Amino acid sequence: MNNDSKIKSAPRILAGAAKTDITPRLPIRLVGQYYQRVADKIDTRLYANILALEGADGDAAVMVSCDLLAVSRGFTEMVRRKVAAIENTPPVDCIMLSAIHTHTAPYLSRTAMSEFWGSDFEISPDPEKETLPEDYAEEISSKIALGIAKAWQERHEVKLAAGFDHISIGYNRRTRYADGHTEMYGSTFRPDFMEMEGGTDDGIHFILIYNTDGSTLAAVIEAACPAQVMEHHDFICSDYWNTVREKIAARMGEFPVVSLCGAAGDLSPRDLVRTPMEEPEMHATEMYNKPGVERVASRICEAFFRFAESAKVEEDAELRHKVSFCQLPLRKVTREEAQAASEKYDALRSKYKTIGEFTEGECTRLSLLAATRNRYEHQQHTDTHPVEIHTLKLGSVCIATNPFELFVAYADRIRAGSGMPNTMVVQLTNGYEGYLPSAKAIAGGGYSAGVNNGFLGAEGGDALVSRTLEMMNSLKK
């Protein structure tokens, strides 16, 4: 696509891009399930794809998509400290560090789960046999910091095109039954099945960044579907995003593809209505294996190529960026709930010596009881929880980030309230604060809606929507 004549007359935006390999040394412990998995082989390599932007008025933004399950606040700060120590780098507050939510990537910390559920859930890798999470985090934070510096230092005048489409890759994964209760991945092959609890988001959003010669510098793709087709496997894998990048490279050449996970706390790549069985049985189906990766990637690429073929450079594109470090209402429990949970936890925990001896179902139950007990103690000291939010206006695109597995209902309110059709609501950015369920989900219960699954409830969700829209509106002035 030749954009030379348009590029010469368009306003100034500077951009640089980079890609860095963050594949771990094996063996290493994998995050994302209630049971132990140690990867001893690599299916696909892991990467961080980076796009650094600077506007004519000096606003800066750095988008980093990491092939990880999540990036904690601690890891975000580690990367920022290392960026700050390098000369000629952007202001660290402008860095937006996101994860694709693959379940076949390593832990970044031994305490990733114990922060939610207590010391019983701290992992204990064998230093003689495994790469330790803290060593992996130290290594890749340095690589990402250097990648950010490279992208920033190589920024130059560019132009952009943006658009969106609709595809079907993400499906609601919370199944509601006749008695009103809800289960994550519950079977629909039951006489008491009533409905899938929430909606879906079939929107897919794109940005293409062009060099002045019309070649492509980088792409941004946001899709509301976690990268967890391969979630129960025991190898290193970036899931369907690896296949997306390979297909794009084969057709358009090599350039960084910043892969962003849209709000998908209650979504997965699986259509449970057309797969009416219990979850363990589903592990043998295509949507837990390679055919599912190919299906999702093909749909993303079909939409992306359709966009790229007709993309038009935006003549008046500008960059504006806001960041807010705010406190949102903490989800609380009652004294009675905490006391009852403590008693039940002690009774169940006495069954075995180590957490590894419990079934996955028992571990889920233990995590809920422990989190309820711990939350009551925590709320004696604070009523709020710290959250970092970014809003970015880039031409016709508006981007809003949050550190949750955010339920679609909240993202719908943000998109509708933004006044901009091409609005990306990007989850799992600059922290991992667990799920943020809707009021409807909390009433139905089940995994992803419990106090063990996140720090905020419906009150916090309402506050997140309000604060995000306030920031978005300020970008338009």
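The values are calculated or read from the model by the stated rules, or taken from the named source; none is laboratory data. Note that the structure is predicted; figures quoted are calculated from it, not measured. Every residue, glycine as well, gets a Cβ built from its backbone with ideal geometry; the counts of neighbours run over all protein chains shown. Surface areas here come from the heavy atoms of the whole protein model, side chains and all, with no ligands, DNA or RNA. Shrake-Rupley method; radii C 1.70, N 1.55, O 1.52, S 1.80 Å.
Observations on the model:
- From VAL333, VAL323, residue being in contact (Cβ under 8 Å) with a residue 60 or more places away in the chain, β-branched (Val, Ile, Thr), surrounded by 12 or more Cβ atoms within 10 Å (Cβ to Cβ) and not in a loop (DSSP other than H, G, I, E, B): VAL323
- A single member of CYS261, CYS301 is under 27 Å from GLU314 (Cα atoms), open to solvent by less than 20 Å² (accessible area, probe 1.4 Å) and out of contact with any strand residue (DSSP E or B) (no Cβ under 9 Å at 6 or more places or on another chain), and it is CYS301.
- Close pairs from segment 176-196: first at pLDDT 95 or above and of a type in the set (Val, Ile, Thr), partner surrounded by fewer than 18 Cβ atoms within 10 Å (Cβ to Cβ) and part of a loop (DSSP other than H, G, I, E, B), Cβ under 7 Å, at least 6 apart: THR182/GLY445; THR188/VAL273; THR188/PRO276
- Counted residues, segment 214-242 - those being open to solvent by 20 Å² or more (accessible area, probe 1.4 Å) and either without any contact (Cβ under 8 Å) to a residue 60 or more places away in the chain or of a type outside the set (Asp, Glu) (or both): 7
- One residue stands out among those in segment 156-203 that are aromatic (Phe, Trp, Tyr) and either assigned to a loop (DSSP other than H, G, I, E, B) or within 23 Å of the chain's Cα centre (by Cα) (or both): the one that is farthest from LEU51 (Cα to Cα), which is PHE189.
- If you go through segment 131-157 and keep only what is in contact with a Gly (Cβ under 9 Å, 6 or more places away or on another chain) and hydrophobic (A, V, I, L, M, F, W, C), you end up with ALA137, ALA151, TRP152.
- Counted as qualifying within segment 354-462 are the strands (runs of 3 or more DSSP E) with 3 or more residues that are open to solvent by 10 Å² or more (accessible area, probe 1.4 Å), namely 384-394.
Here's the yes/no breakdown for (1) free of Cβ contacts under 8 Å to residues at least 60 places away in the same chain; (2) in contact with a strand residue (DSSP E or B) (Cβ under 8 Å, 6 or more places away or on another chain); (3) closer than 15 Å to ILE22 by Cα; (4) outside any loop (DSSP other than H, G, I, E, B):
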site	(1), (2), (3), (4)
VAL71	no, yes, yes, no
GLY74	yes, no, no, yes
ILE86	no, no, no, no
PRO90	no, yes, no, no
SER98	no, yes, yes, yes
SER109	yes, no, no, no
ALA112	no, no, no, no
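- Residue check for ARG45: under 24 Å from VAL387 (Cα atoms) and not aliphatic (A, V, I, L, M): no
- Inside segment 387-439, residues that are in contact with a Phe, Trp or Tyr (Cβ under 9 Å, 6 or more places away or on another chain) and under 17 Å from SER268 (Cβ atoms) make up a count of 11.
- Number of the exception - ALA411 against (1) in contact with a Gly (Cβ under 9 Å, 6 or more places away or on another chain); (2) on the phi > 0 side of the Ramachandran plot: (2)
- Counted residues, segment 271-298 - those being more than 30 Å from LEU160 (Cβ to Cβ), open to solvent by 50 Å² or more (accessible area, probe 1.4 Å) and charged (D, E, K, R): 5
- Residue satisfying all of: in segment 29-58; of a type in the set (Lys, Arg) and part of a loop (DSSP other than H, G, I, E, B); farthest from PHE121 (Cα to Cα) among these: ARG45
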